[in-house]
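Reviewing the structure listed below.
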Amino acid sequence: MTGPAVRVDTTSPVPPYEQIRAQLAALILTSRLAEGERLPTVRQLAADLGLAPGTVARAYRELEASELIRTRRGAGTRVAAPLPEPKHPDQSQLATPARDFISSARALGADAEAVLAAVHKALDQSAL
């Protein structure tokens, strides 16, 4: 990974693995990390961030489950090919990212009203 660095705020209520997952997902989804680009090994990123390897491994597992990265023995962990955009995602496809967002927002102390307001604001901004 030659692009932007991942940073972890140890004072944040958001767990470190979630900070790593969210930052890498954002870098991938905005194409700042390109398809096929190699990510650091779990051990290397853990050492760079001063975290336990299990923390980074969990972030990588979640990114793999989201099909944003692929890990292959001998080839390392790389950014996956972009997924085709679904025309009409069903509720089950939206449930996981919704739960992730709610969990992160609640860790920041947001109530239901603040979570909904943030979603509405993000939707309004993405329509521009």
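The values are calculated or read from the model by the stated rules, or taken from the named source; none is laboratory data. Note that the coordinates shown come from a computational prediction; the quantities given were computed from them, not determined experimentally. Reconstructed Cβ throughout: ideal geometry from the backbone, glycine too, with neighbour counts over all protein chains shown.
Data table
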| item | result |
| --- | --- |
| Failed item, numbered, when residue 43 is tested on (1) more than 14 Å from residue 60 (Cα to Cα); (2) surrounded by fewer than 12 Cβ atoms within 10 Å (Cβ to Cβ) | (1) |
| Residue, nearest to the chain's Cα centre (by Cα), within segment 1-31, restricted to residues that are part of a loop (DSSP other than H, G, I, E, B), of a type in the set (A, V, I, L, M) and surrounded by 12 or more Cβ atoms within 10 Å (Cβ to Cβ) | 6 |
| Candidates 105, 34, 59, 117 - the one that is part of a loop (DSSP other than H, G, I, E, B) and without any contact (Cβ under 8 Å) to a residue 60 or more places away in the chain | 34 |
| Top-ranked residue in segment 66-83 [being aliphatic (A, V, I, L, M) and in contact (Cβ under 8 Å) with a residue 40 or more places away in the chain; ranked as nearest to residue 38 (Cα to Cα)] | 79 |
| Meets criteria (modelled with pLDDT of 95 or more and either closer than 27 Å to residue 118 by Cβ or not assigned by TED's automatic domain parsing to the domain that holds residue 118 (or both)) for residue 99 | no |
